[in-house]
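What follows is one structure encoded as structure tokens, with my remarks underneath.
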Ligand SMILES: *Cc1c(COP(=O)(O)O)cnc(C)c1O
């Protein structure tokens with residue numbers, strides 16, 4: 001475990017992402033949850049799930065299919081700003097068929113988890129990072145920014161209302177999905193004058209049961225996730241919509257997920273549809289593609305770079321060509337490749353396939369070590385030397 005005392009002597013690695021605007025935004029102190037708790041007032045659900053029903057749904061949570069009793073909501077109206085902040089009963093949303101989001105995809109979202117610690121308290125991981133990223137995504141989509149403290153207050157309000165829904169099993173969490181979209185009913189193409197913000201919560205099971213299971217990756221040569229000047233660095237649904245067809249093609253090739261190349265040279269690896277990529281060299285160096293504007297800057301990626309750099313490992317952000325990666329895997333110069341993101345934390349790659357090539361990867365020693373270190377901080381079983389954890393309830 002890297003403690004601040006031991007890191008003080010280490011030379012600071014020149015890793016751009018460690019001082020990126022998002023990384024710096026994440027360092028700004030957040031008021032306590034008690035101080036933020038009354039920003040989203042609770043209108044309790046008059047018909048919450050019964051205890052028996054909740055227990056049953058928590059017994060086998062899966063991912064993203066079951067939701068808690070409440071949701072957070074706020075609305076932005078041009079000329080008035082953000083209004084109507086509240087925690088309200090989880091329910092279907094009524095929208096005009098002319099709502100701009102249904103036509104022009106003006107939408108942004110986030111993904112962050114609440115973890116139950118052994119003493120019953122509930123925590124989340126670097127919420128200011130996600131708050132700042134949602135604001136940055138909103139800017140790119142010409143949407144109003146929700147103030148970062150209101151973003152965190154909405155998580156506090158929702159998790160406090162639905163605290164009984166935070167599972168306590170190993171690897172389990174309450175997945176929080178903040179999102180905002182253009183709800184104004186107008187078919188003209190312009191930035192909407194009404195935006196609705198919600199947070200919904202879904203109990204989520206352990207991604208891995210009994211050790212990390214490697215996944216197989218199809219490298220897409222026909223389709224790209226993002227292009228220069230586009231929306232690749234923003235967390236917006238449209239990026240995902242565009243990745244569904246290549247994802248289907250990956251499955252047709254017998255692979256679990258798709259990996260995208262850059263759209264300009266079409267030779268450099270970027271990331272998966274919803275996870276960043278890292279390469280572990282046999283000499284221990286960890287490399288990841290540099291942020292070029294077409295890669296989504298992951299909170300997990302950022303935390304892993306910090307942990308690795310502070311543990312004295314050589315960490316490099318650089319252009320990684322597909323050919324170089326294939327050569328490295330074949331020669332043994334690359335020992336592991338893994339993907340990382342909030343949902344799975346880290347996933348080792350076991351096979352990399354594309355037009356005209358297929359290579360296998362064996363190990364995931366470093367990947368497993370990163371997984372245990374990060375999840376130990378998130379689950380409160382090891383100290384949190386970075387102050388990454390934020391107590392919600
Ligand atoms: C959300 C996302 C990630 C991972 O980000 P985390 O903050 O680590 O969850 C990576 N790539 C894409 C495209 C994403 O949307």
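The values are calculated or read from the model by the stated rules, or taken from the named source; none is laboratory data. Please read all numbers here as calculations on a predicted model, not as lab measurements. As a convention, Cβ positions derive from the backbone with ideal geometry for all residues, glycine included, and neighbour counts pool all protein chains shown.
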Given the criterion away from the ligand (no atom under 16 Å from the Cβ) and under 30 Å from residue 158 (Cβ atoms), identify the matching residue among 372, 368.
372
Would the range 280-293 turn up any residue that is assigned to a helix (DSSP H, G or I), over 19 Å from residue 227 (Cβ atoms) and within 13 Å of the ligand (Cβ to nearest atom)?
no
Looking at 272, 212, 305 in this structure, which one is within 10 Å of the ligand (Cβ to nearest atom) and within 27 Å of residue 373 (Cβ to Cβ)?
272
Any idea which of 219, 189 is in contact (Cβ under 8 Å) with a residue 12 or more places away in the chain, farther than 25 Å from residue 326 by Cα and away from the ligand (no atom under 14 Å from the Cβ)?
189
Based on this model, can you work out whether residue 135 counts as surrounded by 19 or more Cβ atoms within 10 Å (Cβ to Cβ), free of Cβ contacts under 8 Å to residues at least 24 places away in the same chain and either part of a helix (DSSP H, G or I) or outside the structural domain of residue 67 (by TED's automatic domain parsing) (or both)?
yes
All but one of (1) surrounded by fewer than 18 Cβ atoms within 10 Å (Cβ to Cβ); (2) touching a strand residue (DSSP E or B) at 6+ places or on another chain (Cβ under 9 Å); (3) more than 17 Å from residue 160 (Cβ to Cβ) hold for residue 107; which doesn't?
(1)
Among the candidates 219, 251, single out the residue that is modelled with pLDDT of 95 or more, closer than 14 Å to residue 277 by Cβ and either more than 21 Å from the chain's Cα centre (by Cα) or part of a loop (DSSP other than H, G, I, E, B) (or both).
219
Can you spot a residue in the range 301-311 that is in the same structural domain as residue 250 (by TED's automatic domain parsing) and out of contact with any helix residue (DSSP H, G or I) (no Cβ under 8 Å at 6 or more places or on another chain)?
yes
Filter result for residue 177 (part of a strand (DSSP E or B), surrounded by fewer than 18 Cβ atoms within 10 Å (Cβ to Cβ) and on the phi < 0 side of the Ramachandran plot)
yes
Which numbered condition residue 238 fails, given (1) assigned to a loop (DSSP other than H, G, I, E, B); (2) within 20 Å of residue 142 (Cα to Cα):
(1)
So which helices (runs of 4 or more DSSP H) stay within the range 32-110 end to end and still have 2 or more residues that are within 24 Å of residue 133 (Cβ to Cβ)?
33-36, 100-104
Residue 248 fails exactly one of (1) touching a residue at least 12 places away in the same chain (Cβ under 8 Å); (2) away from the ligand (no atom under 13 Å from the Cβ); (3) within 24 Å of residue 359 (Cβ to Cβ), namely (1)
Any chance the range 313-330 includes a residue that's within 12 Å of the ligand (Cβ to nearest atom), closer than 21 Å to residue 232 by Cα and touching a helix residue (DSSP H, G or I) at 6+ places or on another chain (Cβ under 9 Å)?
no
